[in-house]
Amino acid sequence: MALNSYKSINSGSNNHPNILSAVKQNNRSVTPELINILFDEMRALGFDRTFVTSRGPAQKCITNMSKNETHLFFDQEWLVTNRTLKMSTYHRPTIWQELDQSKHCVFFLSKLRTLGLYNGLSFTVYSNRGQGIFHLSCDETIGNFSDYCRQRYTEIYGLAQLYFVRLVNSHPSLLFELPKLTPRENECLNLLSKGLSNPEMSKLLSISKDRVKELVSSIIRKLDASNRTEAVLLATRCGIL
């Protein structure tokens with residue numbers, strides 16, 4: 001069966017219980033339209049399951065996979081050892097069926113098949129906050145899957161990259177761990193966003209100029225900014241301000 005004629009049994013519905021797990025973990029109210037559009041776009045390309053995660057010490061995900069499928073991808077052993085999940089090292093797409101025959105890869109693929117995941121494609125995406133990984137899969141055996149991925153990879157990657165950047169810019173906390181500022185640093189950041197100088201902040205906060213300088217330096221460091229102006233910009237993008 002040709003992949004571009006493939007239709008998911010879940011097409012038009014999002015009935016996995018964890019589909020918006022990342023949204024539910026967020027304290028702010030977030031509308032899921034952008035996420036649902038992403039899933040629909042990937043279904044239109046033949047992939048009924050989408051798993052998007054960030055790279056870093058605190059992995060978060062946006063997915064329409066089942067609980068068992070998601071658990072497999074968040075198993076730390078595979079995040080560390082399987083090259084499907086080490087995309088930042090290879091910087092190229094990986095078709096699951098073409099993985100090497102190492103013990104880890106063979107076992108990983110066998111686990112995927114028990115969940116009905118016969119075909120899969122993984123690749124790295126990028127944003128101003130860091131890298132992410134897309135895992136796309138279908139639940140039917142399709143003979144020309146590898147050829148399809150190679151022929152349409154530019155289109156698949158382009159859409160994934162587009163939506164990853166949009167999600168990160170709109171709702172960064174869904175995929176990335178946000179910097180944790182102290183209450184005093186938050187006060188200082190709010191004043192920074194108003195364009196106040198260090199002496200002005202010192203008077204308003206009733207602290208020394210040296211203490212203000214320490215707070216500003218800490219904010220810049222935690223936000224991985226180069227200066228106070230960029231710190232305010234990044235804080236706004238992160239939703240901290």
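The values are calculated or read from the model by the stated rules, or taken from the named source; none is laboratory data. None of these values were measured; they are calculated from a predicted model. Quick reminder, even Gly has a Cβ in these numbers, built from the backbone with ideal geometry, and neighbours come from all protein chains shown. These area figures cover heavy atoms from the full protein model, side chains too; ligands, DNA and RNA do not enter into them. Shrake-Rupley method; radii C 1.70, N 1.55, O 1.52, S 1.80 Å.
Of note:
- Derived scalar couplings ³J(HN,Hα) [the range 160-169; Karplus, 6.51 cos²θ - 1.76 cosθ + 1.60; whole Hz; x for Gly, Pro]: 4, 4, 4, 6, 5, 4, 5, 5, 5, 6
- Karplus-derived HN-Hα couplings along the range 227-235 (A = 6.51, B = -1.76, C = 1.60, θ = phi - 60°), whole Hz, x at Gly and Pro: 7, 5, 5, 5, 4, 5, 4, 5, 5
- With every protein chain in place, the range 129-217: carbon and sulfur % of accessible area (1.4 Å): 50
- The amide H of Gln131, built 1.01 Å from its N in the peptide plane, has Arg55 as neighbours under 5 Å, considering only residues 5 or more places off or on other chains.
- Placing R0 at 22 angstrom, the Cβ-Cβ distance between Asn169 and Glu41 gives a FRET efficiency of 0.80 after rounding to 0.05.
- In order along the range 218-226, the phi-based Karplus estimate (6.51 cos²θ - 1.76 cosθ + 1.60, θ = phi - 60°) of 3J(HN,Hα) comes to 5, 4, 4, 5, 5, 8, 6, 9, 8 Hz; Gly and Pro are listed as x.
- Positive-end extreme of charge dipole, the range 135-188 - chosen from Leu181, Leu162, His135 (charges on Cβ): Leu181
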